[in-house]
Amino acid sequence: MIGLILGALAIILPWFSLNLPVFALIALPLGVVGIVLSIQEMQKVKSANQQNNLPLIGLIVSVVGTVIALPFMFCFFAACRIGCSAGAGMGWLFGI
């Protein structure tokens, strides 16, 4: 269940990064943690011989969220690099 929630956040948060770029940095780890937790939950459910619908949906949503968050994060770092070379931006924060 937590993997599903983290995956949904990983899908939603990158779209807020258009106004506040730090959300792109938050979304990617949320998606990865959602993937890990969903896989762990699938293993627990499988050992208890129950249906694994919710963990499977959580895994799918987390993977989609991670895939969506990647381009936003790359754009964020590219903007930092361009801004740093122009003498502005947040490049100083990452040592670029």
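Read-outs: derived from the displayed coordinates by stated rules, not from any lab. As the structure is a computational prediction, the values presented were derived from the model and not from experiment. Here the Cβ is made from the backbone with ideal geometry for all residues, glycine too, and neighbour counts use every protein chain on show.
Taking 0.36 nm per residue of separation and subtracting the Cα-Cα distance, what length does fully extending residue 1 through residue 16 add?
Working: separation 15, 0.36 × 15 = 5.40 nm, distance 2.34 nm.
The residue 1-residue 16 span can extend by a further 3.1 nm.
Can you pull the one-decimal nm distance between simple spin-label points at residue 43 and residue 74, each 7 Å off the Cα toward Cβ?
3.1 nm
When all alpha-carbon pairs of the range 1-62 are counted, what percent fall beyond 20 Å? Please report the intermediate quantities before stating the final value.
Details: 555 of 1891 pairs.
Here the long-distance tail beyond 20 Å is 29 percent of all Cα pairs in the range 1-62.
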